[in-house]
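Just below is one structure, and these are the notes that go with it.
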């Protein structure tokens, strides 16, 4: 996706139940090499539904107004260096290879 | 969940619903249970917040797309359980389309590769395999919807009765865009695509945008029209993009808990990816983002459906099955007696939006972790897997 969009990735914003798992979020940051950021309202999906509804009836006037509501609750910074990341990724790919071709 | 004007959570009420796995590869939901739980969740959240229906400015819906319900508009009864997005029973329908050389047409018009995932084949399966549905559809009685359409139809009235209009049969572009039946250019049902699945067109809902007032609710008294009841369905992941604003530089968001679907938020400058309740609702933006769909991302996600491939496990007797159903019926009766169900209808009759009112969002109940049940013809199993 980064290649498609031709952009640097600054942070990965996350939501949903698993964001409660510190280890999982830290691994995500380490593997990606970018910070992982969690908003105050982790139920982003629901909030989005409310925003779409509220915009339609004028409860909120614009998406700019909604953007001002956003705030970060927690952030995980990557703790691996590049070498660690590359080794890990190579191992991962190897592991994937080992799982293939079970069914003839 | 109920939110205030600052986007803070006011209250929430959550219920899980059952994942029904009649055989390997099949995944179903009970549409009646989803509607019952929706009502309970609304009243539950209002109770917890100490609010009444008139405190609400609008209602929004987010749902699991692709999941297919076909029901009788005269009674509100589904002809069969909802076929869930994960369900792979329509593999052969998808493969036949490919064999017949329709891949390019479907990809070009609908932007999707033929796959069991999408609603078109699921509708066709129900038409071909459930007795009487095709006839009923041709006569205009059997109608189709994803879960958004099912809930809006009920929330706006359900079946016509006592001189009251029938509920609204509508969907939004983000749901329609996952059926293989909508032309991405026109954002309308496409006759050529519909013909591939042999679907009577009159059973399809009207396609609307994702953020608009669909119908002012008739209110407590029959025939009486009151203020706007905004309600819009969107897919969770895509809606989350809306809710999360791209910062000045590139960010990516990932929703954990359903399918892992990273969405780019590559607003240049301070422009969000989706700027307003867009009529194309991100579909165009998504294509601009580099033809993700064309690169087969959708298909790849399908591979990660662990539940679909999991055989049913853990059995329970029929007696318990009846018991659970009885409990649900009893709960409903109590709600009706207490006037709570009437209050739910009133939720949809909010007056004009005011600053002090709250916006509420309904999220389709998540998968069940409740006990399994078994039926003579179908084993119901428990799963705690996430999408």
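Read-outs: derived from the displayed coordinates by stated rules, not from any lab. As the structure is a computational prediction, the values presented were derived from the model and not from experiment. Methodologically, a virtual Cβ is constructed for each residue, glycine included, from the backbone with ideal geometry; neighbour enumeration extends over all protein chains shown.
Restricting attention to region B:188-211, which residues are surrounded by fewer than 19 Cβ atoms within 10 Å (Cβ to Cβ) and within 14 Å of chain A (Cβ to nearest Cβ)?
B:209
How many residues, within region B:116-162, are assigned to a loop (DSSP other than H, G, I, E, B) and either crowded, with 24+ Cβ neighbours inside 10 Å or on the phi > 0 side of the Ramachandran plot (or both)? Quick ask: steps written out before the conclusion?
At the first step, the residues of region B:116-162 found to be assigned to a loop (DSSP other than H, G, I, E, B) are B:116-118, B:130-132, B:139-141, B:146, B:156-160, B:162.
Pick out the ones that are also either crowded, with 24+ Cβ neighbours inside 10 Å or on the phi > 0 side of the Ramachandran plot (or both) and you get B:116-118, B:132, B:140, B:146, B:157-158, B:162.
Total satisfying the criteria: 9.
Filter region A:27-51 for residues that are facing another protein chain (nearest Cβ under 7 Å) and touching a helix residue (DSSP H, G or I) at 6+ places or on another chain (Cβ under 6 Å); which is farthest from residue A:15 (Cα to Cα)?
Among those that are facing another protein chain (nearest Cβ under 7 Å) and touching a helix residue (DSSP H, G or I) at 6+ places or on another chain (Cβ under 6 Å), it is A:51.
From the residues in region B:52-89 that are part of a loop (DSSP other than H, G, I, E, B) and within 14 Å of chain A (Cβ to nearest Cβ), which one is surrounded by the fewest Cβ atoms within 10 Å (Cβ to Cβ)? Spell out the reasoning first.
At the first step, the residues of region B:52-89 found to be part of a loop (DSSP other than H, G, I, E, B) are B:52, B:63-67, B:73-76, B:79-81, B:84-89.
Within this subset, residues satisfying the condition of being within 14 Å of chain A (Cβ to nearest Cβ) are B:63-65.
Numbers: B:63: 28, B:64: 25, B:65: 27.
Filtering region B:52-89 for residues that are part of a loop (DSSP other than H, G, I, E, B) and within 14 Å of chain A (Cβ to nearest Cβ), the one surrounded by the fewest Cβ atoms within 10 Å (Cβ to Cβ) comes out as B:64.
Take residue A:23 and tell me if it is out of contact with any strand residue (DSSP E or B) (no Cβ under 8 Å at 6 or more places or on another chain) and crowded, with 21+ Cβ neighbours inside 10 Å. Steps first, answer last, please.
On the way: out of contact with any strand residue (DSSP E or B) (no Cβ under 8 Å at 6 or more places or on another chain): yes; crowded, with 21+ Cβ neighbours inside 10 Å: no.
So residue A:23 does not fit the description; no.
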